[in-house]
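The values are calculated or read from the model by the stated rules, or taken from the named source; none is laboratory data. For clarity, every value in this text was computed on a predicted model and none was experimentally measured. Cβ placement follows ideal geometry from the backbone for every residue including glycine, while neighbour counts extend to all protein chains displayed.
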Amino acid sequence: MPATDLPKLFPALTTRPVTGAERDELIALGVISSHGGVLDPPARPRRSVIERTAMQAHSVLNEAYNYPKAASFTRGIRFDLGDKTMLMISGTASVDEAGLSTHLGDFRAQLWRTYRNISALLSAEAATWHDIVRTTCYLRDIERDYSDFNEIRTTFFGWLGLDPLPASTGIQARLCREDLLVEIEAIAVIPRER
C-alpha cells in the first residue's frame, strides 16, 4: 500500500509526528515498510482459531468503540475450552449506558455501579458471581479507599453467599479516566451447555 494510505488506516499516526523510535517499531512489527507504506497484516493462522464472541450488556454499558473518543476493546470475551466456557471481562468501572462516568468523587457508589455492570455482563451470558474464579481490582488510591473497598466487597460477596471466594488481587493504578476511582476485571468459568 502506498504511504498515502497511512492516514486512512492509522489516523492516530497523523495527529502528531511519529517519533523515530515509533517508526522503527512500526517497521519491526511489520505495520509499515521502510519507505513508510502500510503493509498487509500477517495471514490468519491456517490452524483453527478458538471461536470467540463479544459479551454485551447494553442495558448498563455501551461499547467502548462507541465512545466519543473510541477505545479498542470489547466489554468481555467468551470462548469454549472443552466442556467449559471462559468469560474474560475487561476492566469495568462506574460507567453508564451512554459511556459516561457516574458517581463522580463517590468511591462507594462507583464500586456498587461497577459490581452492577459486571453483574449485567455475567447475566447476559447466563452466568453469576458464583462462576467468577478471579478478579483483579484497580483502585486509584488504595491507601484512602481500600477499607471501603474491602467492606463493600465483603458485604456483597457475603450477601451472594460466595464460597469459596474468587482469587483476587488489589492494585493501586492510574485508571483510564481521571474521574474513575475503581475498575475491576473478572474471569468466570461456566459449563459449556449453558
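For the stretch 99-108, filtered to residues that are in a loop (DSSP other than H, G, I, E, B) and touching a helix residue (DSSP H, G or I) at 6+ places or on another chain (Cβ under 8 Å), the residue that is modelled with the lowest pLDDT is 99. Here residue 147 clears all of (1) out of contact with any Lys or Arg (no Cβ under 6 Å at 6 or more places or on another chain); (2) at negative phi; (3) in contact (Cβ under 8 Å) with a residue 12 or more places away in the chain; (4) not in a strand (DSSP E or B) except the condition numbered (3). The strands (runs of 3 or more DSSP E) found entirely in the stretch 1-98 that carry 2 or more residues being surrounded by 10 or more Cβ atoms within 10 Å (Cβ to Cβ) and modelled with pLDDT of 80 or more are 76-81, 84-93.
For the residues 169, 155, the requirement of being surrounded by fewer than 18 Cβ atoms within 10 Å (Cβ to Cβ) and touching a Ser or Thr at 6+ places or on another chain (Cβ under 6 Å) singles out 169.
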